[in-house]
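Engineer: Can you read through this structure? Questions will come right after.
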Amino acid sequence: MDTVCIKDLKKDLKKEMDDSRYEHTIGVMYTCAALAMRYGYDLEKAMLAGLMHDCAKCMPNAKKLKVAEKNHLEISNLERKNPFMLHAKLGAFLARKKYDIDDEEILDAIRWHTTGRPNMTLLDKIVYIADYIEPKRDKAPNLPLIRQLAFTDLDQALIKILEDTLGYLGDSPDDVDYMTKMTYDYYKKGE
């Protein structure tokens, strides 16, 4: 992907998002770039994945559900009850259909940026972590530690984010996406 493509996509997304979501998105894009430089990953791909990660976030929840159903996306019971949780799946779908992104690695990073998944790619980890640590974020617990870990040990940063996320959400299966727990278990075993 070239810089012109990213520039055009930024303009499109600015129209689709509210100001705070757009600022967050730009922060994630640049944090992805920093992590890509640190870990020797393709800068343009990382920036594009970061830019597009929340492309479906500002869609109204009822519309998220309707678009997901219409396009036969898998919808869990938890997502049906909480349609805002569909934005990652829908984001990958829109990135492909509306924004003509066909790189499967980028689409997967968008798809898994909220829950993670076992055996994540480097790009998956970069986007997942960048979403959590971008400069505008200030409410998550352990943020200074996680920001430091992100540039020294990506897997430890990932585990800490997952621990904090699961701690925040609690153990209720009604509140936690099963993939988040699976991801945590996978990486915790690998320690």
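Engineer: Name every residue in region 102-155 that is free of Cβ contacts under 8 Å to residues at least 40 places away in the same chain and of a type in the set (Val, Ile, Thr), in order of residue number.
Structural biologist: Result: Thr121, Ile146, Thr152.
Engineer: Taking Leu123, is it in contact with a Lys or Arg (Cβ under 7 Å, 6 or more places away or on another chain), under 21 Å from Ala157 (Cα atoms) and of a type in the set (A, V, I, L, M)?
Structural biologist: Here the answer is yes, as Leu123 does meet what is asked.
Engineer: Only one of (1) hydrophobic (A, V, I, L, M, F, W, C); (2) crowded, with 20+ Cβ neighbours inside 10 Å; (3) within 20 Å of Leu86 (Cα to Cα) is not met by Val176, so which one is it?
Structural biologist: (2)
Engineer: Oh, and also: Among the numbered criteria (1) of a type in the set (Asp, Glu); (2) assigned to a loop (DSSP other than H, G, I, E, B); (3) at negative phi, which one does Asp100 miss?
Structural biologist: The number of the failed condition is (3).
Engineer: Give just the number: which of (1) at negative phi; (2) more than 12 Å from the chain's Cα centre (by Cα); (3) outside any helix (DSSP H, G or I); (4) at pLDDT 95 or above does Val67 not satisfy?
Structural biologist: Unmet for Val67, out of (1) at negative phi; (2) more than 12 Å from the chain's Cα centre (by Cα); (3) outside any helix (DSSP H, G or I); (4) at pLDDT 95 or above: (3).
The values are calculated or read from the model by the stated rules, or taken from the named source; none is laboratory data. Remember, it's a predicted structure, so these values are computed and weren't measured experimentally. Cβ: placed from backbone, ideal geometry, glycine included. Neighbour counts: every protein chain shown.
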